[in-house]
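Read the structure below first, then the notes.
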């Protein structure tokens with residue numbers, strides 16, 4: 001059975017790829033990840049909560065609490081949204097304030113609104129990009145010192 | 001850190017004078033982060049010890065001879081993606097403050113150096129703070145060589161080197177500040193197109209066939225102007241081309 005970490009890894013992988021939509025179905029789980037222009041929505045729906053065969057008794061007892069309808073439904077039962085921090089301009093993305101300086105943010109950092117997350121430079125104008133959301137940095141989508149387009153996602157933030 | 005000594009050089013403006021500091025832009029950024037600054041704040045020093053140029057480059061200046069200052073602005077009327085417009089206003093402001101003294105050899109070297117003939121007399125470093133499409137603060141760092149006459153860098157010059165006399169630095173500061181304000185008002189009123197034209201008309205090496213280099217290959221071209229994104233428009237043997245800063249070099 002996939003745990004949260006594995007799902008997170010999968011989301012990271014998909015966000016790095018060009019895939020627009022991914023459906024994964026296993027015995028215990030149905031996962032539907034769709035990319036859209038403004039946000040990445042993640043929907044996961046437990047389908048059949050049949051406990052794994054060698055499951056300890058405690059787990060089997062807990063299973064009914066999260067039991068889903070017998071008939072598989074693709075409805076979002078536990079929706080979790082990751083928000084993208086996007087580039088407000090065309091330019092070059094920098095993770096630090098200058099050569100030899102430490103990065104503004106790392107994966108796992110809790111950030112609040114207004115926190116500087118990167119610098120984007122264009123035509124000798126240097127821009128400190130402040131986050132418009134609070135949450136935890138889940139993924140950094142762009143490599144240091146590489147070009148970015150207008151509206152290109154830079155970071156994935158888990159606002160919960 | 002040095003003690004801040006307020007002095008009023010310009011009426012209606014909050015001026016923070018530092019006898020010595022690493023970089024007025026860094027100070028301005030700290031001031032923004034620490035307090036709620038009002039618009040129209042000037043941070044100025046007589047001795048900038050670690051002036052910032054373009055990412056990692058430095059700006060060297062002799063103590064008490066030149067102008068090194070930063071303006072803190074809140075250009076709410078400019079969107080993040082249109083920010084090259086701020087560069088137009090700042091470059092043109094400096095240009096017009098100097099034009100009566102230096103005349104027609106004064107040019108703006110794309111994107112924002114101030115040149116006289118083929119020598120650099122001033123530079124600009126603009127740092128913005130962006131929240132989505134909103135520019136919350138802009139720090140405009142300006143370094144202008146006024147009364148310094150010896151330079152380590154062979155392509156550097158100053159007002160005094162050119163004109164053979166000294167100039168009052170604070171009078172120059174007032175002029176520059178006033179001219180930049182005038183151009184910012186024009187931006188606020190939506191006259192970006194006329195600033196773009198004026199900027200293009202006064203570009204260094206404009207309308208002359210010159211040698212430039214792109215990715216270490218030399219080519220001939222003629223600078224025509226810039227577009228709203230700040231890209232350089234050139235006519236070449238292969239037709240009109242647009243250049244960004246990274247792939248393009250001057251050969252001076």
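Could you pull out the residue among B:35, B:40 that is out of contact with any strand residue (DSSP E or B) (no Cβ under 6 Å at 6 or more places or on another chain), modelled with pLDDT under 90, more than 12 Å from chain A (Cβ to nearest Cβ) and more than 19 Å from residue B:94 (Cβ to Cβ)? The unique qualifying residue is B:35.
Considering only residues that are part of a strand (DSSP E or B) and within 21 Å of residue B:68 (Cβ to Cβ), look in the stretch B:88-111 and name the one that is farthest from the other protein chains (Cβ to nearest Cβ). Per the stated criteria, the residue is B:106. Suppose the filter is closer than 22 Å to residue B:98 by Cβ, part of a strand (DSSP E or B) and in contact (Cβ under 8 Å) with a residue 24 or more places away in the chain; does residue B:223 pass it? Yes.
Yes/no per residue for (1) within 14 Å of the chain's Cα centre (by Cα); (2) under 18 Å from residue B:128 (Cα atoms):
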position: A:90; (1), (2): no, yes
position: A:96; (1), (2): no, yes
position: A:109; (1), (2): yes, no
position: A:116; (1), (2): no, yes
position: A:131; (1), (2): no, yes
position: A:135; (1), (2): yes, no
position: A:141; (1), (2): yes, no
position: A:146; (1), (2): no, no
position: A:153; (1), (2): yes, no
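Let's see how each residue does on (1) surrounded by fewer than 16 Cβ atoms within 10 Å (Cβ to Cβ); (2) over 24 Å from residue A:120 (Cα atoms); (3) in contact (Cβ under 8 Å) with a residue 60 or more places away in the chain:
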residue	(1), (2), (3)
B:196	no, no, yes
B:199	no, no, yes
B:207	yes, yes, no
B:215	yes, no, no
B:227	yes, no, no
B:231	no, no, no
B:234	no, yes, no
B:240	yes, yes, no
B:245	no, no, yes
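Restricted to strands (runs of 3 or more DSSP E) entirely inside the stretch A:74-146, those with at least 2 residues that are within 14 Å of chain B (Cβ to nearest Cβ) are A:80-86, A:91-94, A:116-122, A:125-130.
Looking across B:161, B:157, B:150, B:194, one residue alone is at pLDDT below 95, more than 14 Å from the chain's Cα centre (by Cα) and more than 14 Å from chain A (Cβ to nearest Cβ). It is B:150.
On inspection, residue B:101 does not qualify as within 12 Å of the chain's Cα centre (by Cα), farther than 30 Å from residue A:132 by Cβ and assigned by TED's automatic domain parsing to the domain that holds residue B:164.
Checked against the criterion of being within 14 Å of chain A (Cβ to nearest Cβ), crowded, with 22+ Cβ neighbours inside 10 Å and farther than 20 Å from residue B:185 by Cβ, the candidates B:114, B:126 yield just one match: B:114.
The values are calculated or read from the model by the stated rules, or taken from the named source; none is laboratory data. From a predicted model like this one, the values you see are computed outputs, not experimental measurements. When we count neighbours, we look across all protein chains shown, and the Cβ atoms used for this are built from the backbone with ideal geometry, even at glycine.
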